[in-house]
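The values are calculated or read from the model by the stated rules, or taken from the named source; none is laboratory data. Small disclaimer: the values here were computed from a predicted structure and weren't measured. Cβ coordinates were reconstructed from backbone atoms using ideal geometry, including for glycine residues, and neighbour counts include every protein chain displayed.
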Amino acid sequence: MRPPRRSFTPEFKQEAVDLLRRSKKSQTQVAKDLGVGQTTLSRWALQAERMPLGPKGFLATEELKTLRREVERLRQERDILKNTLPRHPCKVRVHQGPSAEVSGDVDVPGIEGA
């Protein structure tokens with residue numbers, strides 16, 4: 001039986017690629033020091049080179065995935081609310097009684113110091 005597949009955080013991947021770039025060690029030695037396969041580290045380095053998101057590409061990619069999931073969740077919530085609210089706006093009638101103009105100094109009951 002195979003051991004469970006390991007997963008690495010975007011932070012770890014980013015640090016591994018940064019270490020590989022600034023280290024004078026071979027890719028094989030850096031992978032061995034970190035306890036990952038040389039092929040895995042090589043794949044991370046290639047992914048980092050191809051990322052258009054700058055030097056912190058793994059972190060930015062992970063944040064982008066999180067934001068996309070949140071946007072999708074918010075769209076679903078919006079659609080649910082759209083379907084539960086009435087489709088036609090409610091019409092409210094306002095009684096307009098006789099208009100009265102007020103001019104000059106007028107005492108309004110209940111208001112002091114005006």
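Restricting to region 55-84, count the residues that are of a type in the set (Lys, Arg) and within 30 Å of Asp18 (Cβ to Cβ).
Looking only at that region, the number is 4.
For region 63-114, which residues satisfy the criterion of being modelled with pLDDT of 65 or more, polar (S, T, N, Q) and part of a loop (DSSP other than H, G, I, E, B)?
Passing the criteria: only Gln96.
I'd like the full set of residues that are part of a helix (DSSP H, G or I) and aliphatic (A, V, I, L, M), limited to region 13-49.
Correct list: Ala16, Val17, Leu19, Leu20, Val30, Ala31, Leu34, Leu41, Ala45, Leu46, Ala48.
Which is farther than 15 Å from Glu15 by Cα, modelled with pLDDT of 70 or more and surrounded by 10 or more Cβ atoms within 10 Å (Cβ to Cβ), of Ser26, Ser42?
Checking each option against the conditions leaves just Ser26.
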